[in-house]
Every structure is written in C-alpha cells, then in structure tokens.
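Everything on this sheet refers to the single structure shown next.
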Amino acid sequence: MPSYVAYLRVSTAGQGRSGLGIEAQQTAIDAYIRPGDHLLQPPYVEVESGRKADRPQLAAAIERCKRTGATLLVAKLDRLSRNAAFLLNLRDAGVEFVCADMPGANRLTVGIMALVAEEEARMISARTKAALAAAKIRRAAAGLPGLGGDRGYRPKHRPDVAKASRARTQAANHAAHRVLPVIRELQASGLSLRGIAAELAKRGIPTPRGGAWTAAQVSRSIQRTTETA
C-alpha cells in the first residue's frame with residue numbers, strides 16, 4: 001500500500017492564513033489519492049515567496065519521506081517550475097516524488113525545468129538591467145535626476161502654471177474676437193451652429209484653442225467674446 005507525504009506552497013502570509021491557494025492544492029492532492037493509498041498527516045505547508053531557496057517545510061517533508069519510505073506528493077509543480085532551487089532540491093532529495101498536477105514529472109524532467117528556470121531568471125535580470133540603464137540615459141539627456149528618487153533635485157526654471165494658463169486663456173479670447181465677425185456673418189445667412197462650424201473648417205479658420213470646429217466650439221467662441229467684451 002503506497003504512502004505519501006503532501007507538500008503545498010502559498011506565496012504570501014495572507015494566503016496562508018486565509019486558505020486561498022491551499023484549498024485548491026489540497027483538492028488536487030485528494031483527487032490524486034486512490035483507494036488504499038495512505039496519506040500521512042499533516043501535510044507540509046510552505047508560506048514563502050516562490051523565489052526563495054530556503055524551504056524548511058520542504059526539507060521536513062523530504063526528511064519524513066526518508067524515515068517512512070513514503071513518496072513526496074507535490075500538489076502543484078506548475079506554481080514552482082520557475083524556481084531552480086526548489087526543482088534541484090526535489091531532484092536531488094533522494095526520495096521518490098510525484099506531482100498531482102503533473103504525474104509524468106520525474107527527476108530528469110525537473111532537472112530540465114531547473115535549467116530552464118535558471119535561464120529565465122538570468123534573462124529577466126538582464127532585461128531589467130538594460131531597461132534601467134536605458135531609462136537613466138533618457139533622464140540624463142532630458143536633464144532629469146536619476147531613478148533613485150528626488151535627492152533634492154529642483155529644476156532651474158520652475159514653470160508658473162497659473163500664469164501659463166492665464167496666457168492661454170487670453171490668447172483664446174483674442175482669437176475668438178478675431179473670428180467673431182465671420183461667425184456673425186454666417187449666423188445672418190441662416191446657418192446653424194453645426195453649419196457654421198463646417199463652414200469655418202472649410203475656410204481653414206483655426207479655432208481659438210486649436211482642434212476641430214464643432215457646434216460647441218462655435219458656441220464657446222461666441223460666449224468668450226460676450227464674457228470679455
């Protein structure tokens with residue numbers, strides 16, 4: 001009669017307390033166990049980041065397997081397949097193991113997975129370093145501080161946002177006054193606001209704020225001239 005020692009892992013303390021993730025893994029283990037199999041209790045639950053190499057619960061589960069001759073039953077290898085340290089520990093444990101979500105896994109396949117995981121980690125690190133270096137170059141070219149925070153940096157010329165806004169509003173008001181005679185002329189011809197917008201666009205007359213003429217833009221232009229008369 002085969003016996004098993006179950007190993008489960010969740011990535012955060014919150015998941016460990018709430019049971020999120022553990023419940024699904026326990027379901028996978030229960031589905032794997034057949035009548036007559038003996039599942040030793042309790043299961044070993046690791047609450048660790050998937051990137052950490054230190055796995056005390058895994059070590060304890062392996063040690064129990066060695067003492068009892070049981071097979072290590074890993075709930076979900078797919079959650080851990082990018083962690084080279086875990087896979088290598090599993091391969092070199094000296095005990096039989098089986099994965100509930102990947103029954104065909106063996107020492108050869110997890111060894112290959114470990115090599116792939118190491119290469120993925122190396123590539124991710126290289127891409128991250130390259131992206132940070134490129135960002136630093138762009139910020140330096142723009143006269144901005146590095147990526148390590150403010151560090152007391154202040155621009156030499158701090159823009160006056162309120163003053164700039166007032167200047168834009170004043171320019172738009174002047175533009176509205178310039179276009180008002182044309183709008184009045186088109187109103188007198190019986191055109192609607194939409195028709196006036198189409199005619200202004202056809203004549204290539206810019207809006208006070210830029211962009212496309214619409215009925216709302218025409219109405220706003222008239223309103224600007226009334227407000228600033």
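The values are calculated or read from the model by the stated rules, or taken from the named source; none is laboratory data. Remember, predicted model here, so these are calculated numbers, not experimental data. Every residue, glycine as well, gets a Cβ built from its backbone with ideal geometry; the counts of neighbours run over all protein chains shown.
Considering the stretch 88-106 alone, what residues qualify as being assigned to a loop (DSSP other than H, G, I, E, B) and under 9 Å from residue 72 (Cα atoms)?
First, pick out the residues of the stretch 88-106 that are assigned to a loop (DSSP other than H, G, I, E, B): 92-96, 100-106.
Answer for the stretch 88-106, where residues must be assigned to a loop (DSSP other than H, G, I, E, B) and under 9 Å from residue 72 (Cα atoms): 95, 96.
Which numbered condition trips up residue 66, out of (1) outside any helix (DSSP H, G or I); (2) at pLDDT 80 or above?
(1)
Among (1) within 21 Å of residue 105 (Cα to Cα); (2) modelled with pLDDT of 90 or more; (3) touching a Pro at 6+ places or on another chain (Cβ under 9 Å); (4) not hydroxyl-bearing (Ser, Thr, Tyr), where does residue 30 come up short?
The failed condition is (3).
Taking into account only those residues within the stretch 1-27 that are at pLDDT 90 or above and buried (at least 16 other Cβ atoms within 10 Å of the Cβ), which is nearest to residue 64 (Cα to Cα)?
In this case the residue turns out to be 5.
Does residue 152 satisfy being of a type outside the set (Val, Ile, Thr) and modelled with pLDDT under 75? Full working, then the answer.
Details: of a type outside the set (Val, Ile, Thr): yes; modelled with pLDDT under 75: yes.
Against the criterion (of a type outside the set (Val, Ile, Thr) and modelled with pLDDT under 75), residue 152 qualifies.
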